[in-house]
Amino acid sequence: MNHYWLMLIDTIFGFFALFLLTKLLGKTQITQLTPFDFISALILGELVGNALFDKEAGVIEIAFVIILWGSLLYLTEIITQKFKRTRSLLEGAPDFIIYRGKLIRDVMKKNNLDINQLQSLLRAKDVFSIQEVEFAFMETNGTVSVILKPAYQTPNKQDLQISTKKTYLATTLINDGEIIYDNLKEKNLTEEWLIDQLEAQQYKHISDVFYAEYKKGEALFILPYVNREHKKYDKK
């Protein structure tokens, strides 16, 4: 009977410890489950499960396993936040699988994705024909994000007899107060142009901008640093 009481105590402790761990790691561990996160969750569950049914393991051993594995996951999150260049390595990066209506075969092969799987992912986005897709991204969590061709966007411009316009992708130029120089170069833009655009919207320093997005033919979209009270972020 004492054995069952010990299992009850260990299970309750493990439940609340895992609950606390998910709160500490943040919601993105669940809503944006990358392959690394998925494997980590499986291993953590296996470690806790083995500890629960190991007669020699108690609350201390379970706590040690959860704290150790949770610390490694938390350290990984800190590294990806502090060192942006590690994000593509540890979290992966989105890939084009359809660009300007054309399938990118080598990206599909890299992600072990065949046509049937792609069609299934598109149907989950209410897209039932590949010819309707202008751009499609394979996200790091295995889902597909889709931009339809102008003629198939809602409302249907063909039905409304509205002339279609060319679709342009939004490009991130500033992320977390730092310029993305590769994206600037890709769009044939200069740092001087970017600074002029910021000054035109009353931003004096790059460090004041949390996020800036460029889309051809439109004004630069800028988001400053803000806190939960919607006041400008103070870096001091």
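The values are calculated or read from the model by the stated rules, or taken from the named source; none is laboratory data. Note that the structure is a prediction, hence the values are computed from the model and not measured. Every residue, glycine among them, receives a Cβ derived from its backbone with ideal geometry; neighbour counts consider all protein chains shown. SASA here: full protein model, heavy atoms, side chains in, ligands and nucleic acids out. Shrake-Rupley method; radii C 1.70, N 1.55, O 1.52, S 1.80 Å.
Which one of LEU89, LEU113, LEU121 is part of a helix (DSSP H, G or I), under 23 Å from the mean Cα position of the chain (by Cα), under 30 Å from LEU148 (Cα atoms) and at pLDDT 80 or above?
The conditions single out LEU121.
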Quickly run through the stretch 74-84 and pick out the residues that are under 15 Å from GLY177 (Cβ atoms) and either open to solvent by 70 Å² or more (accessible area, probe 1.4 Å) or at pLDDT 70 or above (or both).
GLN81, LYS82, PHE83
Among the candidates THR172, THR143, residue that is closer than 19 Å to ALA93 by Cα and either acidic (Asp, Glu) or modelled with pLDDT under 85 (or both)
THR143
Can you tell me which residue is surrounded by the most Cβ atoms within 10 Å (Cβ to Cβ) among those in the stretch 123-168 that are free of Cβ contacts under 8 Å to residues at least 12 places away in the same chain and among the polar types (S, T, N, Q)?
GLN153
Subset of the stretch 182-195 [surrounded by 11 or more Cβ atoms within 10 Å (Cβ to Cβ), not polar (S, T, N, Q) and not in a loop (DSSP other than H, G, I, E, B)]:
LEU184, GLU191, TRP193, LEU194, ILE195
Return only the number of the condition from (1) out of contact with any strand residue (DSSP E or B) (no Cβ under 7 Å at 6 or more places or on another chain); (2) modelled with pLDDT of 85 or more; (3) more than 23 Å from GLY217 (Cα to Cα) that THR190 does not satisfy.
(3)
Subset of the stretch 196-210 [over 16 Å from TYR181 (Cβ atoms) and assigned to a strand (DSSP E or B)]:
PHE210
